[in-house]
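The values are calculated or read from the model by the stated rules, or taken from the named source; none is laboratory data. Everything quoted here is computed from the prediction, not taken from an experiment. Glycine also receives a Cβ, built like all others from the backbone with ideal geometry; neighbour counts cover every protein chain displayed. When the accessible area is computed, the model is the full protein with side chains, heavy atoms only, and any ligands, DNA or RNA have been set aside. Shrake-Rupley method; radii C 1.70, N 1.55, O 1.52, S 1.80 Å.
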Amino acid sequence: MIVRVRLFAALRERAGSGALEVELGDGSTVADVWPALGLGDEPTGIVYAVNRAYADRTASLAGGDEVAVIPPVSGGDFRLSEDVLSVDAAVEQVRDERAGAIATFAGTTRASSRGREVLYLEYEAYEGMAEQVMADLAD
């Protein structure tokens, strides 16, 4: 069976591509993906997702599945707010002398979208669910 494998960050660089297809035998599991890539020893801390959901290494695979190989990440914080967001306030909230860096993004949007003038951006979240998903991601 053929599965599509997505690679990110240093793993993408190691493989020379962000997406590969590998052939696995019937009855294969997530644990069979790394050896099939032929990229040497599996780095410590990798997590996997199958079809956009985190998956254990024992999860069974089927032809056509997409397996994401996600390198370890560290740190991170998040904040939901009904107030106007301030980059300076967000940086202050997560500042920690043990942190190697704090990364932020401030950008712009296009002047029009679908034939309408863009006046501002407004983000909306289903708070209880969004907070739980972000907490799970942070863990």
>> Out of the residues in region 10-30 meeting the condition of being surrounded by 13 or more Cβ atoms within 10 Å (Cβ to Cβ) and small (Gly, Ala, Ser), tell me which one is farthest from the chain's Cα centre (by Cα).
In response: Ser28
> Restricting region 84-103 to residues that are of a type in the set (D, E, K, R) and open to solvent by 100 Å² or more (accessible area, probe 1.4 Å), which is modelled with the highest pLDDT?
Replying inline: Asp88
> Out of curiosity, is Leu37 more than 19 Å from Pro72 (Cβ to Cβ) and open to solvent by less than 40 Å² (accessible area, probe 1.4 Å)?
Replying inline: no
> Just wondering, is there one or more residues in region 8-15 that are within 29 Å of Ala135 (Cβ to Cβ), in contact with a strand residue (DSSP E or B) (Cβ under 6 Å, 6 or more places away or on another chain) and modelled with pLDDT of 95 or more?
Replying inline: no
> So how many residues does region 45-68 have that are open to solvent by 60 Å² or more (accessible area, probe 1.4 Å) and more than 15 Å from Leu7 (Cα to Cα)?
Replying inline: 5
>> Condition first: in contact (Cβ under 8 Å) with a residue 60 or more places away in the chain, on the phi < 0 side of the Ramachandran plot and not in a strand (DSSP E or B). Can you find one or more residues in region 43-60 that meet it?
In response: no
>> Given the criterion in contact (Cβ under 8 Å) with a residue 24 or more places away in the chain and in a helix (DSSP H, G or I), identify the matching residue among Arg14, Arg6.
In response: Arg14
>> Looking only at region 104-122, filter to residues that are free of Cβ contacts under 8 Å to residues at least 12 places away in the same chain and open to solvent by less than 100 Å² (accessible area, probe 1.4 Å); which one of those is nearest to Leu85 (Cα to Cα)?
In response: Gly107
